[in-house]
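One structure, pasted below without further comment.
The values are calculated or read from the model by the stated rules, or taken from the named source; none is laboratory data. In this text the structure is predicted, and so the values were computed from the model without any measurement. Note: ideal-geometry Cβ built from the backbone for every residue, glycine included; neighbour counts use all protein chains shown.
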């Protein structure tokens, strides 16, 4: 009798590390490319950066989602823990993987474009408008992923999350970091997508606040959302063959 089993924490840790690294490389690398391709047009640079990020996010959620759910973001992981879909222990374990992955991705992006491996950003983004933007962007991201699982449309998450982040580049003044791990990673690249270390704590604080607001909003709007449903974010995952969570003891259909 064949039985599928959930991916180990080690496998999920690696998936979160790799996904976060790709995310940072996409965000920072496309920003560097945009600077070089359109040096005199900031609007076009942002369009190129946001389009690459939205498309890349779609792809990496599909790549790593079946293993870890494709969080790549401590705000999402801890929101999931607050909703009962992920244990606090696992959320804490995801955190260093996500941060280390984003730093590794930043270093990789720098090197791919012939820059020093590490160049600390001097781009100051610490303003009230940017802080408010991060609260709204992060709350919206949490709402998107939980609303999709509540509606039974978690399979649409790669497109929806990519579209939301791509749009949030434009409707927020901060260009929607919405992720403490990518905020830390972007400190290590003094390029288009960078952020000065002095501005990062404000961004992270606002992202925590936004995630908290998102969780409260989800609980109010979807009071019947169960931990089993929350466990399916960002995309259905949980078994070695990519089957939905809750199927850890599912018997193969041929009876073996």
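When only residues in the stretch 1-28 that are surrounded by 20 or more Cβ atoms within 10 Å (Cβ to Cβ) and touching a strand residue (DSSP E or B) at 6+ places or on another chain (Cβ under 9 Å) count, which is nearest to residue 183 (Cα to Cα)?
Filtering the stretch 1-28 for residues that are surrounded by 20 or more Cβ atoms within 10 Å (Cβ to Cβ) and touching a strand residue (DSSP E or B) at 6+ places or on another chain (Cβ under 9 Å), the one nearest to residue 183 (Cα to Cα) comes out as 24.
Within the stretch 30-42, identify whether any single residue is in contact with a helix residue (DSSP H, G or I) (Cβ under 9 Å, 6 or more places away or on another chain) and within 26 Å of residue 233 (Cα to Cα), and answer yes or no.
Checked the stretch 30-42: no residue is in contact with a helix residue (DSSP H, G or I) (Cβ under 9 Å, 6 or more places away or on another chain) and within 26 Å of residue 233 (Cα to Cα).
Additional query: Could you check the stretch 152-256 for helices (runs of 4 or more DSSP H) lying wholly inside it with 3 or more residues that are buried (at least 22 other Cβ atoms within 10 Å of the Cβ) and modelled with pLDDT of 90 or more?
In the stretch 152-256, the matching helices (runs of 4 or more DSSP H) lie at 157-171, 180-186, 200-221.
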